[in-house]
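Peer 1: My questions will all concern the structure given below.
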Amino acid sequence: AWTALFEGPLAHVKITRLIVTHSHPDHVGLAGWIVERFNCPLHMSQVEYLQSVYHQNRGTEERRNAQRLFFRRHGMDESLTDKLLGRGQDYLKRVSILPPGYRRISHGDEVSIGTRRFKVITGGGHALDQVMLYCAADKLFLSADQVLSKISPNVSVWAVEPDQNSLGEYLASLASLTTTLPYDVIVLPGHGVPFYGLKTRIKQLADHHEERCRLIADACRTISKTSKELVPVVFHKHVLDVHQMGFAAGELIAHVNYMLVEGRLKGEEADGVLRFRTT
Ligand SMILES: [Zn+2]
């Protein structure tokens with residue numbers, strides 16, 4: 001698809017710089033290939049560049065073991081853990097080698113793209129320090145994966161930072177977008193078509209997570225449950241394949257960690273397995 005674009009509509013455009021919003025493979029995956037093809041610099045936030053380096057080197061036995069213990073602690077049995085760890089092994093086959101260097105962009109920076117000036121906004125939750133771009137003059141907001149129109153961006157917790165409050169970070173970023181951006185921006189998201197109604201969409205996303213928290217609180221009121229046992233409580237509408245189950249588990253743990261921080265759940269550990277109870 002990229003080759004068709006570069007040789008078609010973009011054939012007379014000089015690519016002078018590549019700005020990558022975050023470290024997920026569907027965003028940074030071809031950065032090495034594009035940078036080499038156009039001999040241009042790569043611009044990313046420091047955290048996202050370093051996170052990409054981490055992703056390209058995380059397939060070690062030690063890290064897989066840490067993830068195995070993490071899943072076990074959240075109540076997943078051996079055979080499910082095996083299946084979950086079996087997925088994602090082709091990460092390196094699907095991405096090009098990351099450029100060995102980059103130029104840093106940070107929250108609050110101003111960057112020029114063509115004739116426009118954009119302010120760099122970064123936010124956590126979906127990725128660690130995802131870059132979004134806002135052009136006040138034309139009310140353009142490039143939201144990356146932070147605000148999408150059709151799907152709720154994945155907000156997960158993994159073994160590398162087991163107590164991370166990803167959902168808290170995500171909700172804080174949404175709240176700050178609501179207060180800093182005007183109502184009538186056009187949103188250009190990382191997936192799907194452009195849309196208006198940023199604040200409405202942000203409210204829907206925040207409500208969606210609150211609804212999940214309520215389901216978890218109800219389920220843990222009379223009996224304590226593991227994250228594994230809570231997955232079908234929250235994802236009751238779907239039959240999950242292994243790939244989806246991995247993301248569902250990561251998402252579920254993000255909600256549980258958030259509720260622990262907020263004092264809505266209490267955790268208890270027995271035989272190396274965590275169980276949660278509503279306070
Ligand atoms: Zn993403």
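Peer 1: Tell me which of these Pro100 doesn't satisfy, since it passes every other one: (1) without any contact (Cβ under 8 Å) to a residue 40 or more places away in the chain; (2) in contact with a Phe, Trp or Tyr (Cβ under 9 Å, 6 or more places away or on another chain); (3) within 21 Å of Trp33 (Cβ to Cβ).
Peer 2: For Pro100, the failing item is (2).
Peer 1: Looking at Ile202, Ile216, can you tell me which residue is under 22 Å from His22 (Cβ atoms), of a type in the set (A, V, I, L, M) and at pLDDT 95 or above?
Peer 2: Values: Ile216 fails: under 22 Å from His22 (Cβ atoms).
Within the list Ile202, Ile216, the selection yields Ile202.
Peer 1: Kindly list, by first and then second residue, each pair from a residue in the range 24-44 that is free of Cβ contacts under 8 Å to residues at least 40 places away in the same chain and under 16 Å from Ala1 (Cα atoms) to a residue that is more than 16 Å from the ligand (Cβ to nearest atom) and not in a loop (DSSP other than H, G, I, E, B), limited to pairs with Cβ atoms under 6 Å and residues at least 6 apart or on different chains.
Peer 2: Ile34/Leu18
Peer 1: Among the residues of the range 172-195, is any under 21 Å from Val131 (Cα atoms), among the charged types (D, E, K, R) and without any contact (Cβ under 8 Å) to a residue 60 or more places away in the chain?
Peer 2: yes
Peer 1: Of the numbered conditions (1) within 16 Å of the ligand (Cβ to nearest atom); (2) out of contact with any Pro (no Cβ under 7 Å at 6 or more places or on another chain), Leu240 fails exactly one; give the number of that condition.
Peer 2: (1)
Peer 1: Okay, next question. Being modelled with pLDDT of 95 or more, within 16 Å of the ligand (Cβ to nearest atom) and over 21 Å from Val155 (Cα atoms): is that true of Ile105 here?
Peer 2: Answer is no for this residue.
Peer 1: Among the listed residues Leu188, Leu198, Leu181, Leu177, which satisfies the condition of being at negative phi and in contact with a Leu (Cβ under 6 Å, 6 or more places away or on another chain)?
Peer 2: Unique residue meeting the criteria: Leu188.
Peer 1: Would you please name the residue that is nearest to the chain's Cα centre (by Cα), looking only at residues in the range 261-279 that are of a type outside the set (Ser, Thr, Tyr) and in a loop (DSSP other than H, G, I, E, B)?
Peer 2: Across the range 261-279, the extreme among qualifying residues is Glu262.
Peer 1: Still on this structure, please answer the following. For residues in the range 122-151 being polar (S, T, N, Q) and more than 12 Å from the ligand (Cβ to nearest atom), which is surrounded by the fewest Cβ atoms within 10 Å (Cβ to Cβ)?
Peer 2: It comes out as Ser149.
The values are calculated or read from the model by the stated rules, or taken from the named source; none is laboratory data. Note that this is a predicted model, so its numbers are computed, not measured. Backbone-built Cβ (ideal geometry, glycine too); neighbour counts: all protein chains shown.
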